[in-house]
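What follows is a short report on a single structure.
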Amino acid sequence: MSQFERRFGKYAIRNLPLVMIICYAVGYAIRYINPDFLMFLNLDPYKIVHGQVWRVITWLLVPPTDNNLFWIILMLFCYYSIGVSLERTWGTFMFNVYIFSGILLTLVGAFVILGIAYLIGGGLYAAVYSQYVAAVFSTYYINMSILLAFAMTFPDAMFLFMLFIPVKAKWMAIVYLVILLIQFITGGLFVRVALGMALLNFAIFYFTNRKGLGIKPVQMQSRTRTPKPVKRDLTRSSGIVTRHKCAICGRTEQDVPDMQFRFCTKCEGNYEYCEDHLYTHSHVRMS
């Protein structure tokens, strides 16, 4: 656990995927009841700097455009499942960092465009540009980055394309990357900035955590495997006597000296976990 996580980990939102889905559900409800009201919620940086500060948060309620109720429900279920899998694998704090850094970068991109518009043509020009930002900047590209992160973590996970064609996550990710690349090339400034910020978030997270964790993202799926029992007595690793070993990741107090290890009282058997997996593992049942 990093020092940053030790200091701010207590503020992480548990079950963040459910919170995100609830926000989308509220947004879709508003779209069906009073779609014009969404105009007061979207990400309009010009109006934010002129007093409508609630838009910094409320744009997260604006869901991806879709009017088919069946596909909306399917999309919500799909992203909830993906989010839960990532949260359980990465840990609550790391998943929070990934989502909120994507949100922050999107906000930064929106205000960068606003600043450029001010420099080019002043306030009137900025107001017009800001309307285009509000139309393009949404959670759509953040959702795409979540899907890419899932594919990097679980490359062999299966999706049912069109509900009956099995496709591995890594191939789905490649298709999405091609689509995003086409959008980046053919889209205007607003699409490129919004898309670029989402991909930048994914790239930063991928490379920094691959180095920090000492494992490749495609190996993270091993963290959710069924743990094997670890004896309470001493074990030996590379000739060094260790007293603790996580049943999920295999780390010991020799690997991370200041890490805490605990036995789970809800697992049936002698299972010990590090602090990263004590509350995120699946409980073992003998029957």
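The values are calculated or read from the model by the stated rules, or taken from the named source; none is laboratory data. All values derive from a computational prediction rather than experimental measurement. As a convention, Cβ positions derive from the backbone with ideal geometry for all residues, glycine included, and neighbour counts pool all protein chains shown.
Remarks
- Lone unmet requirement of (1) among the small types (Gly, Ala, Ser); (2) farther than 16 Å from Ile13 by Cβ; (3) within 22 Å of the chain's Cα centre (by Cα) for Ser101: (2)
- Breaking point among (1) surrounded by fewer than 22 Cβ atoms within 10 Å (Cβ to Cβ); (2) closer than 30 Å to Ser282 by Cα, for Tyr140: (2)
- For Arg31, the criteria (1) more than 21 Å from Leu105 (Cα to Cα); (2) in contact (Cβ under 8 Å) with a residue 40 or more places away in the chain; (3) among the charged types (D, E, K, R) hold in every case but one, which is (2).
- Residue in region 104-120 that is out of contact with any helix residue (DSSP H, G or I) (no Cβ under 6 Å at 6 or more places or on another chain) and of a type in the set (Phe, Trp, Tyr) present: no
- Within region 25-54, the set of residues being acidic (Asp, Glu) and within 26 Å of the chain's Cα centre (by Cα) comprises Asp44 only.
- In region 45-69, residue surrounded by the most Cβ atoms within 10 Å (Cβ to Cβ) [restricted to those that are among the hydroxyl-bearing types (Ser, Thr, Tyr) and over 20 Å from Tyr125 (Cα atoms)]: Thr58
- Scanning region 1-43 for residues that are among the hydroxyl-bearing types (Ser, Thr, Tyr) and within 21 Å of Phe70 (Cα to Cα) returns Tyr24, Tyr28, Tyr32.
- Subset tally (residues that are in contact (Cβ under 8 Å) with a residue 40 or more places away in the chain and in contact with a Cys (Cβ under 9 Å, 6 or more places away or on another chain)) for region 34-61: 1
- In the set (1) out of contact with any strand residue (DSSP E or B) (no Cβ under 8 Å at 6 or more places or on another chain); (2) at pLDDT 75 or above, the condition left unmet by Glu275 is number (1).
- Test result for Met75, without any contact (Cβ under 8 Å) to a residue 60 or more places away in the chain, assigned by TED's automatic domain parsing to the domain that holds Gly109 and surrounded by 12 or more Cβ atoms within 10 Å (Cβ to Cβ): yes
- Hits in region 124-177 - residues which are farther than 27 Å from Asn42 by Cβ, in a loop (DSSP other than H, G, I, E, B) and not small (Gly, Ala, Ser): Phe154, Pro155, Asp156, Met162, Leu163, Phe164
- Of residues in region 240-272 being of a type in the set (A, V, I, L, M) and either assigned by TED's automatic domain parsing to the domain that holds Trp90 or not in a loop (DSSP other than H, G, I, E, B) (or both), the one modelled with the highest pLDDT: Val241
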